[in-house]
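See below for the structure under consideration.
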C-alpha cells in the first residue's frame, strides 16, 4: 500500500487527529466518494476491454460471519442466492449468537438451498477467526473465496463482475461498497472496500488467511496482499461495479477505536515492507465448530 504524503510530512500527533476529524465531519467521505466515482469510470473502460470468459466452472466460496443480526441475515442470504453467478457455496458461521431467534432462523436458512451450509462455533471468537473457520469448514473444491457481512446486501452481479475483472490467474479483486443508513433510505458514501474482496485460491493460500484480531483484519489482509503483489506473487485489482450495499450502523466495530486502529495498520504496513513472501503468509487461526 502506498504511504500517504501526509504521513511523511506531518507528525502523528497532528496528522491522526486531523484525519479522524475529517472522517467524523464527513469531509473525507465526500472526497472518498468523488475519487471512487472517478476511478470507477476509468476502471469500467479498462474492464470493457477484457475478453469475456466463461466462469461457470469457477466455484466461489462465500463466507458470512454472523453474530446477533437475525433481523438482517435473511436479506443478506437472499441477495447471495440471487447472484447471476450460480456456482457458489455460502457458509454462514454463527459466532455463538445470544439472540434466541437466531438458531431457528439458521435452521430455516440451511434448508433453503443445498448451496448453504451453517457452521456454529463452540466459543465466541470474533469475525476474522469465524471467517477463517468458514473457509476451513467449506467443501474443498472452491476456486475463489469472498466474504459478506450479515447486515449487508450483495449486488446480483457481484461475483460475476469480480470473476470477470480477475479474469484468470492469481489475485484479489477489491469491491466497490456503498454505505447507507440502516434502512437503506439514505446514501452516505462510496469507497473501495476490503473484506468483501474476491480472492483466487492461490492468492488466499499465499496470504494464509486473516490474522486473529477483533478489528481491521480485513484492511490488514489487503495490505498483505499488496506486499505479496510487490513480490510478483499476486495481483491486486479493483472492481468498477458496485459489489455490496453496506449498512452504516452506529456503534458498530468499524466506528470504534479509530485512532488506535489507524496507528496499528500503519505500523503493520511498515513492518510488512521488509518481510519475505514466506513471512507474509500467516497460519490461519480457526475455532472449534459443529
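Read-outs throughout are calculated quantities, based only on the coordinates presented, and are distinct from any laboratory measurement. Predicted model only: the values in this text are computed from it and were never measured. Cβ coordinates were reconstructed from backbone atoms using ideal geometry, including for glycine residues, and neighbour counts include every protein chain displayed.
Based on C-alpha pairs under 8 angstrom that are at least 6 apart in sequence, the chain has a relative contact order of 23 percent. Extending 7 Å from Cα along the Cβ direction at residue 114 and again at residue 167 yields two label points whose distance is 3.5 nm. Cβ crowding within 10 Å, taken as a proxy for footprinting-reagent exposure, orders 123, 178 from fewest neighbours to most as 123, 178.
Each of 170, 64 has some number of other Cβ atoms within 10 Å of its Cβ, and from fewest to most they run 170, 64. The simple spin-label model puts a point 7 Å past each Cα toward its Cβ; for residue 245 and residue 28 those points are separated by 2.6 nm. Distance between the pseudo-spin-label points of residue 45 and residue 205 (7 Å out from Cα toward the beta carbon): 3.8 nm. Sorting the segments 158-168, 77-87 by their mean number of nearby beta carbons within 10 angstrom, highest to lowest, gives 158-168, 77-87. Packing around the peptides 92-101, 272-281, taken as the average count of other Cβ atoms within 10 Å per residue, puts them in this order, highest first: 92-101, 272-281. The length gained on full extension between residue 99 and residue 82, counted as 0.36 nm times the residue separation minus their Cα-Cα distance, comes to 3.4 nm. Tell me the label only: which of [x] 39; [y] 26; [z] 35 is percent of Cα pairs over 31 Å apart as calculated from this structure? Here percent of Cα pairs over 31 Å apart agrees with entry [y]. Fewest-first ordering of 249, 148, 37, 153 by other beta carbons within 10 Å of each residue's beta carbon gives 37, 249, 153, 148.
The calculated FRET efficiency for residue 183 paired with residue 157, based on their beta-carbon distance and R0 = 22 Å, is about 0.40.
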